[in-house]
Amino acid sequence: MASKAFRWCAVDAESNENLVRLVHIMLFQYSRKVIVYSVTNRLKGEKNHLKDATDLLTVTSMSFDCFASRRRTMTRTFHLQYTFCRVTTNKKLRETVALELSFVNSNLQLLKEQLADLNSSVNIYQNKSSPQVVPMIPLGLKETKEIDFRDIFKDFILEHYSEDSSKYENAIKEFMDIRQAVRTPTRDHNGVKLLFGYYNLLYYIDRRFFPPHRNMGIFFEWFDSLTGVPSTQKTIAFEKASVLFNIAALYTQIAAKQDRLNSTGVDAAVDNFLRAAGMFRYIRDNFSNAPSMDLSSDTLDTLIQLMLAQARECLFEKLTPGVENLGLQACLEVAQEAEQVSSVYRTVHKVMSCSSVKDYVPYSWISLLLVKSEHYRALGHHYAAVGLLEHNGEIEKEVELFLEYVHCPDANNSSTCIDIRVPRTTEERRQLGKAHLRASLLLHEEALRLHRMCRQLRQIDNLQERLRIAHDASLDRYARCEQEDDFQEILDAPPIQAATKYQLTLMTPEFSEYTVDDLFHDLGPLKVFSARRQWTAARTIHLKKETDENFGFSVRGDAPVIVAAIDSRSIAQETGMKEGDFIVLIGNTDTKWMGHEEVVRLIRESGHELTLKVVTPIDHDYLHPKSNGSSASSSPASNASTLSSTDLSRVNLRSNSSPFSKDKRRRATWNFFRRSQSKERQFPIINDVVFR
């Protein structure tokens, strides 16, 4: 069964990950049993080696695109081996067990190197219908472990919200199901939508269940996208950043999967690369102190530059079809665009070569950047040569002016560099074009040499084929322009000035496009009933009045309604009602989300007896907020409804200064990443941009 799974896993990135993940879970369970059995027998004095475990690790190395499952397997195996070394206090037995485990460790080190090869693999994400297109670098998804939130969330609901937690079992299960689906999203825009929806849902989860000054005992463990090293954090900000990283990684995979032989595919690839770059920038700007290397600032800066470079490369591919037949100026413009792509890749290579990133990213990425830099630099000289050699007749004044800026002004003026910049005759044009062709050939050969030097790149057949085609095209043109009686020395071509007509702009993620519902909506409005607020347990108030009496209190605000004032020596005061209490229940009706008029109507309909439940906020004065300014000086009862059996003219009045008097449409359009400048956020908040 395992061998079949290994053959199937090379078919498609999306299907093989799910299949291989299942296979590796089975393999890991078997591996753990083999190792436990071996160590147990060793402690009993039996000589039973770990050959089965070693063979198992060798088999797992055969799988192609299962780096996520293998990360988890290796991490757990390392931990398991460390535990085995401490199972006995007998020094001799410990040394014997450690020797056996060190043998397995040597195999794991080999697997670690093979894991790097899997992470650097780009073939699986490329479009199969366009094998001659230069491959792009996608990112693999961060993996995570399943978390059981049920007991923790139910205990917190009972403790903090004083509600029956059994009512929210379905909501908790739905949240866990969504998170489980997020672990294996589809490699398309449906997967992106799922991740965005989960990320927006985390806003509600964060507010509902994660107090700022308390550890909930939930550990979010995510594996590094490239190294597979696990990182564990208690803060939900780590969960958010990891989900955003996976969104960006999905964008890179979608972009690499596009058919770039047509303009529609090129546009889609550019769009997705820019979205990925924008998401990486958002993570860098809003999250700091990352526990894993893939979320560090240096790595994110490198990924941003890489995505922009690949987007520009896609734009260049859109310009090249048929350009050789468009004339000298069109070829020169494309030559400068090619040099721009080469220059961008040189910049990315420089950023990626810094000490903090070089040892982290796969070596094949660095080699591929060098290959692309030389390749597109060669294409720049090639298109310049084609334009010069294919041109007939006199060069127009406009083209002559353009030629003056095609070559670098600070080019090397050595004796080996041709001194022709603007050819005046046919012979000068031929000499300059031939010099560019020679430079193109040399650079193509250098790109092929760099490609041969990297073992991982040699496995990418379409890259080698594309480099070979470009080299042969330049060689064929060079052979055609060669003359038997031409004994003139061929000089070096002047460098081409990088230039572009296209400005790339990072695309900021649009979180508001992916709306979600609060699964725990019944707990009440977030502005009051959240993990960051404190209030007393709900207490029951029973009011009974005579026909000519009033209940003696007034209310104002919306969702929830607040007790604005209490008359002295009234029924409400005698029963323990306080100013500033929130009415959460009237009879058997939950009123936390009810508007002002609805609550007043229920109280009116209760007649002479009224039973309600109220809670008293502890950490915030909602009745007299400090930010209300001049409006706070007015009497709370002046804009409130006084509840009596005779005064019916005031039930429709509500306080415009209350922070709870916003209409439902306004309330639904909140900003996920609003800075702490709003009047509603006057309480201490853990900033999501800091990992703790």
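Inspection of segment 312-322 identifies at least one residue that is within 25 Å of GLU400 (Cα to Cα) and either touching a Phe, Trp or Tyr at 6+ places or on another chain (Cβ under 6 Å) or in a helix (DSSP H, G or I) (or both).
Residues in segment 468-480: is at least one on the phi > 0 side of the Ramachandran plot and not aromatic (Phe, Trp, Tyr)? No, the conditions are met nowhere in segment 468-480.
Would you be able to say whether some residue in segment 329-350 is within 20 Å of LEU437 (Cβ to Cβ), of a type outside the set (Ser, Thr, Tyr) and under 27 Å from the mean Cα position of the chain (by Cα)? So far as segment 329-350 goes, yes, one or more of its residues are within 20 Å of LEU437 (Cβ to Cβ), of a type outside the set (Ser, Thr, Tyr) and under 27 Å from the mean Cα position of the chain (by Cα).
Here ASP298 does not fit the description of being of a type in the set (Asp, Glu), under 20 Å from VAL361 (Cα atoms) and in contact with a strand residue (DSSP E or B) (Cβ under 9 Å, 6 or more places away or on another chain). Total residues in segment 562-581 satisfying the condition of being touching a residue at least 60 places away in the same chain (Cβ under 8 Å) and farther than 15 Å from TRP535 by Cα: the figure is 2. Consider segment 365-397 and keep the residues that are among the small types (Gly, Ala, Ser) and assigned to a helix (DSSP H, G or I). The one that is farthest from ALA439 (Cα to Cα) is SER367. If the condition is being within 36 Å of the chain's Cα centre (by Cα), under 30 Å from PRO423 (Cβ atoms) and of a type in the set (D, E, K, R), then segment 436-461 contributes only GLU446. Of the residues THR252, THR264, THR184, the single one that is surrounded by fewer than 21 Cβ atoms within 10 Å (Cβ to Cβ) and closer than 15 Å to GLY140 by Cβ is THR184. Here segment 466-486 is the region considered, the condition is being among the acidic types (Asp, Glu) and modelled with pLDDT under 90, and the residue that is nearest to GLY387 (Cα to Cα) is GLU482.
Residues that are under 14 Å from TYR125 (Cβ atoms) and outside any helix (DSSP H, G or I) within segment 225-276 comprise SER225, LYS257, GLN258, ASP259, ARG260, listed in sequence order.
Looking at ALA330, ALA309, just one residue is at pLDDT 90 or above and either surrounded by fewer than 21 Cβ atoms within 10 Å (Cβ to Cβ) or closer than 30 Å to VAL422 by Cβ (or both), and that residue is ALA330.
Of all residues in segment 153-162, those satisfying the criterion of being crowded, with 17+ Cβ neighbours inside 10 Å and under 20 Å from ARG539 (Cβ atoms) are ILE157, HIS160, TYR161.
For GLN456, the conditions (1) out of contact with any Ser or Thr (no Cβ under 8 Å at 6 or more places or on another chain); (2) in contact (Cβ under 8 Å) with a residue 24 or more places away in the chain; (3) surrounded by 13 or more Cβ atoms within 10 Å (Cβ to Cβ) all hold with the exception of (1). Just checking, does segment 586-607 include any residue being within 17 Å of GLU163 (Cβ to Cβ), modelled with pLDDT of 90 or more, within 36 Å of the chain's Cα centre (by Cα) and basic (Lys, Arg)? Looking through segment 586-607, at least one residue is within 17 Å of GLU163 (Cβ to Cβ), modelled with pLDDT of 90 or more, within 36 Å of the chain's Cα centre (by Cα) and basic (Lys, Arg).
Out of the residues in segment 271-295 that are closer than 18 Å to VAL361 by Cβ and of a type in the set (A, V, I, L, M), state the one that is surrounded by the most Cβ atoms within 10 Å (Cβ to Cβ). The extreme case among them is ALA276.
Of all residues in segment 430-463, those satisfying the criterion of being under 14 Å from LYS372 (Cβ atoms) and either among the aliphatic types (A, V, I, L, M) or not in a helix (DSSP H, G or I) (or both) are LEU443, ALA447, LEU448, LEU450, CYS454, LEU457, ILE460, LEU463.
Residues considered: ILE496, ILE566, ILE490. Of these, the only one that is surrounded by 13 or more Cβ atoms within 10 Å (Cβ to Cβ), among the hydrophobic types (A, V, I, L, M, F, W, C) and at pLDDT 90 or above is ILE496. Residues of segment 581-628 that are outside any loop (DSSP other than H, G, I, E, B), polar (S, T, N, Q) and either in contact with a Gly (Cβ under 7 Å, 6 or more places away or on another chain) or surrounded by 14 or more Cβ atoms within 10 Å (Cβ to Cβ) (or both): THR611, ASN628. Of the set (1) closer than 16 Å to GLY380 by Cβ; (2) surrounded by fewer than 17 Cβ atoms within 10 Å (Cβ to Cβ), all apply to PRO409 but (1). Is there a residue in segment 336-356 that is crowded, with 24+ Cβ neighbours inside 10 Å, acidic (Asp, Glu) and either at pLDDT 95 or above or part of a helix (DSSP H, G or I) (or both)? Yes, there is a match, as at least one residue in segment 336-356 is crowded, with 24+ Cβ neighbours inside 10 Å, acidic (Asp, Glu) and either at pLDDT 95 or above or part of a helix (DSSP H, G or I) (or both). If you check every pair at least six apart or on different chains, which have Cβ atoms under 6 Å apart with a residue in segment 512-531 that is closer than 13 Å to PRO560 by Cβ first and a residue that is assigned to a loop (DSSP other than H, G, I, E, B) second? Short answer, once both residue conditions are applied: LEU523/PHE529; GLY524/LYS592; PRO525/ALA559; LYS527/GLU680.
The single condition among (1) touching a strand residue (DSSP E or B) at 6+ places or on another chain (Cβ under 8 Å); (2) not in a loop (DSSP other than H, G, I, E, B) that LYS142 does not satisfy is (2). When VAL341 is tested against (1) among the β-branched types (Val, Ile, Thr); (2) out of contact with any Lys or Arg (no Cβ under 8 Å at 6 or more places or on another chain); (3) closer than 22 Å to SER474 by Cα, just one condition goes unmet, and that condition is (2). Looking only at segment 138-151, residues that are aliphatic (A, V, I, L, M) and buried (at least 22 other Cβ atoms within 10 Å of the Cβ) come to 2 in all.
The values are calculated or read from the model by the stated rules, or taken from the named source; none is laboratory data. Just so we're clear, the structure is a prediction, and the values are computed from it rather than from any experiment. With ideal geometry, Cβ positions are generated from the backbone for all residues, glycine too; neighbour counts draw on all protein chains shown.
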